[in-house]
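We did not get these values from a lab; they are worked out from the coordinates using the rules stated. Note that this is a predicted model, so its numbers are computed, not measured. Don't worry about glycine lacking a Cβ; one is built from the backbone with ideal geometry, like all the others, and counts go over all protein chains shown.
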Amino acid sequence: MSPVIAIIGRPNVGKSVLFNRMIGRRDAIVHDAPGITRDRHYADADWFGKKFTVVDTGGLVPESDEPMEAAIEQQARLAVSEADVILLVTDVRTGITPLDQKAAEVVRKAGKQVIVVANKVDSGAQENHAYEFGALGLGEPVMISALKGRNTGDLMDLLAERMPEPEPVVEEENGVIKVAIVGRPNVGKSSLVNAIVGRDTVIVSEVPGTTRDSVDTQITRQGVKYSLIDTAGLRRRSRIKSDIEFYSFTRTMRSIARCDVAVLLVDAVDGLATQEQRIVSQVDEAGKGLVVAFNKWDLVDRTEHPTEAYAQTAREYLRFADYAPILFVSAETHRGVTQIMQKTRHVHEMRSLRVSTGELNRVVESITAYYPPPAAPDGRATSILYCTQVQNAPPTFVFFVNHPDAIPDSYKRYLSNRLREAFVFEGSPIRVLIRGREGKR
């Protein structure tokens with residue numbers, strides 16, 4: 001799990017501009033669905049090989065009737081609880097405000113790594129004003145202009161020095177399927193875990209996980225070993241309801257990073273929302289297997305919401321991950337619990353599937369004959385020379401092409417869809433890469 005860097009500060013100090021500046025070295029992964037890239041306030045970043053996750057906490061504080069001072073204190077406390085390093089962003093033009101002091105007070109007491117960022121220092125003439133932020137008691141401020149990029153490289157160098165090394169991955173026993181049960185609060189995650197860990201399940205042991213405050217429950221079901229990841233952390237509730245998304249985000253992110261398959265639990269009564277889209281996007285981008293389970297199905301009026309119509313609506317809402325199987329369960333009555341574990345095992349097998357090069361190229365020949373790749377800009381024909389699977393978990397396929405620049409994203413999606421039709425890969429994302437004759441993109 002990469003270190004988590006939280007950007008905090010009062011409104012209008014330039015947090016989002018700094019966020020965009022920090023992740024600007026990476027290409028954004030965009031899905032054709034609303035609320036995935038446009039609304040997200042977190043991303044993976046890389047600074048000369050130092051990988052980390054940056055969170056713009058300002059965007060995660062929703063509009064509320066709470067006084068601004070209370071909101072900034074809540075934001076700072078949540079950032080402190082989950083982040084490894086905190087960037088306290090201030091505005092040199094306005095100087096120190098009571099809200100800056102409130103945020104500084106919270107992070108100072110926590111003893112976390114904190115860097116004070118004096119933003120909007122667009123020229124040397126404003127540097128003298130920035131020194132006053134040393135009065136916050138958190139060290140000398142780093143003077144930058146996030147908008148112009150002034151001194152942001154120096155900030156990133158300092159950040160790379162301060163952030164801890166990534167948490168070590170604990171080697172687990174071969175054959176254990178690591179499962180993260182994720183979802184919004186109050187959808188029944190705890191009840192589902194209790195239903196899974198029933199009398200017909202052998203509890204082998206409870207071992208500490210690699211993340212803070214987590215416990216992995218190891219079980220055996222029908223001879224297959226599973227490790228339920230970070231369920232203790234996901235069961236916790238924030239006392240601050242308005243900021244629950246930030247609190248649960250890092251827990252969910254850490255669970256997804258460690259799992260083989262994620263089970264997204266959704267309250268069938270409330271239905272899907274943007275937060276589920278974000279979680280599914282994380283799972284897809286991480287290359288993990290995915291099962292979507294609608295809990296509390298026993299409380300849904302089936303005459304008003306027929307099962308197949310409900311499932312079709314869900315697939316449309318999560319259309320960028322429509323490969324995920326959809327289940328209808330009840331943790332309360334134990335309906336479908338066994339099916340969840342069986343489907344999780346199947347998805348794990350699909351994610352681990354390796355296709356022989358001969359069989360793969362026979363399929364590729366057929367699908368490209370039906371719909372050939374577009375010609376190069378100069379009119380020359382584009383040919384797919386051959387294809388090979390370079391890895392599994394997730395299945396990743398490299399297509400060697402004579403004119404790789406002629407292959408648009410739409411054709412890559414076509415190849416991906418046809419491969420999925422041929423080899424199923426239920427519940428698993430797949431990756432399609434295009435390379436030239438010598439492996440160049």
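Details
- When Rg and the Kirkwood Rh are both derived from Cα coordinates, the Rg/Rh ratio for region 293-409 amounts to 1.15.
- Measuring spread by the Cα atoms of region 350-400 yields a radius of gyration and Dmax of 12.9, 40 Å.
- Net length gained if the chain between H129 and R93 were fully extended (0.36 nm per residue, minus Cα distance): 12.2 nm
- Cut-off 9 Å between beta-carbons: net charge of the residues surrounding R351, Lys and Arg +1, Asp and Glu -1: -1
- Both radii come from the Cα set of region 357-435: Rg as radius of gyration, Rh as Kirkwood radius; their ratio Rg/Rh reads 0.95.
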